[in-house]
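Just below is one structure, and these are the notes that go with it.
The values are calculated or read from the model by the stated rules, or taken from the named source; none is laboratory data. Values in this document were obtained by computation on a predicted structure and should not be read as measured data. Here the Cβ positions follow ideal geometry from the backbone for every residue, glycine too, while neighbour counts run over all protein chains shown. With ligands, DNA and RNA removed, areas are computed over all heavy atoms of the protein, side chains included. Shrake-Rupley method; radii C 1.70, N 1.55, O 1.52, S 1.80 Å.
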Amino acid sequence: RNLCCYHALVFLVILLFGSGNDSLLVPVLATALSVIFTALIVYGIFLTGKAADYQPYQVTAKSWFLSFGKFLFAFGGHSAFPNFQKEMKKPRNFPGSVIIAFLIKLSLYIPVGIIGMLFFGECVRPNILNNIDPQFRVLNACILMLVAVQAIMSATILGNPVTAMIEGAVGAPYNKLFSIKRIAVRVCFVTTAIVICEAIPRFDLIMALIGGTTINTAVFILPSLFHIKLAKKDKWLTFKITLDTLSITFGLVAGCVCTYASVSTSWMN
């Protein structure tokens, strides 16, 4: 709990003094840290070796939908895409940058997931770090430190567009660093994050809940609704509307089931 408060304090300081377009250093460093700690996690899994009581992981409907929400959580930057594109020197290059970003993410996530399942199976923990042998203390400490720093940087990048939007709604001055409204908005933002973390201590369930609700809406439902509204009347119109309708239907069904699964699991725990 104390560690959570320390992280929140650092996050608040960075959020108060920085903005998404201040420096290229933050996103580049966050990406570099992701690559480094992913490599260290894979290395730690190989050092730990295959679980003695290894059993293949059994996929159930509940575990699938929870995993669906967690997977979507990793792509939570969708809501900030318009802000990112607006701040680019060449906005027309935005689609290419998104594809590259997704490829980098998948190249990090997929190996960890596959190797973790192959080595630990049913014994895999929600946090793969808990499967790494505790005797490798230095390695575990390095991974935790890198993950903490990267998480704060990523939260700052994604949090700035949200707080900026709220500040615009409440009339906070854009160029005044220490205005009362700006400070209040950002303190409330960090406080809300702390309350959620304390209310649901298992971070994997927070990931599933957020992924199944807000991010699912931003990924599957809203883009398809907007596309239907903006689609041009041509020979492909029916095909486009059909695909958008399938996307919306899938998002609604999967989101509802994922939300129910995460809430029910949180309640039981």
Subject >> Single residue of the stretch 71-90 satisfying the filter (without any contact (Cβ under 8 Å) to a residue 12 or more places away in the chain and outside any helix (DSSP H, G or I)) that is nearest to the chain's Cα centre (by Cα) >> reply: Met88
Subject >> Test for Arg182: is it under 30 Å from Ala39 (Cα atoms) and either basic (Lys, Arg) or open to solvent by less than 70 Å² (accessible area, probe 1.4 Å) (or both) >> reply: no
Subject >> Pro126, sole failed condition from (1) under 23 Å from Thr38 (Cβ atoms); (2) open to solvent by 70 Å² or more (accessible area, probe 1.4 Å); (3) in a helix (DSSP H, G or I); (4) modelled with pLDDT under 85 >> reply: (3)
**OP:** State whether the residues of the stretch 228-247 include one that is aromatic (Phe, Trp, Tyr), over 13 Å from the mean Cα position of the chain (by Cα) and under 30 Å from Asn127 (Cβ atoms).
**Re:** no
Original post:
So which pairs qualify, if the first residue must be in the stretch 202-226 and closer than 15 Å to Phe81 by Cβ, the second must be crowded, with 21+ Cβ neighbours inside 10 Å and not small (Gly, Ala, Ser), the Cβ gap must be under 7 Å, and the two must be at least 6 apart or on different chains?
Top reply: Ile215/Leu72; Val219/Leu72
**OP:** Could you pull out every one of the helices (runs of 4 or more DSSP H) wholly within the stretch 176-269 that has 2 or more residues that are small (Gly, Ala, Ser), at pLDDT 85 or above and out of contact with any strand residue (DSSP E or B) (no Cβ under 8 Å at 6 or more places or on another chain)?
**Re:** 237-268
Original post:
Filter the stretch 17-53 for residues that are modelled with pLDDT of 90 or more and either within 17 Å of Phe81 (Cα to Cα) or aromatic (Phe, Trp, Tyr) (or both); which is nearest to the chain's Cα centre (by Cα)?
Top reply: Phe37
**OP:** Please identify the pairs in which a residue from the stretch 138-164 that is over 22 Å from His78 (Cα atoms) has its Cβ atom under 9 Å from the Cβ atom of a residue that is polar (S, T, N, Q) and open to solvent by less than 30 Å² (accessible area, probe 1.4 Å), counting only partners at least 6 apart or on another chain.
**Re:** Leu146/Ser34
Original post:
Any residue at all in the stretch 44-60 that is within 23 Å of Gly159 (Cα to Cα), β-branched (Val, Ile, Thr) and surrounded by 13 or more Cβ atoms within 10 Å (Cβ to Cβ)?
Top reply: no
Original post:
Glu167 fails exactly one of the following numbered conditions: (1) among the acidic types (Asp, Glu); (2) open to solvent by less than 50 Å² (accessible area, probe 1.4 Å); (3) assigned to a loop (DSSP other than H, G, I, E, B). What is the number of that condition?
Top reply: (3)
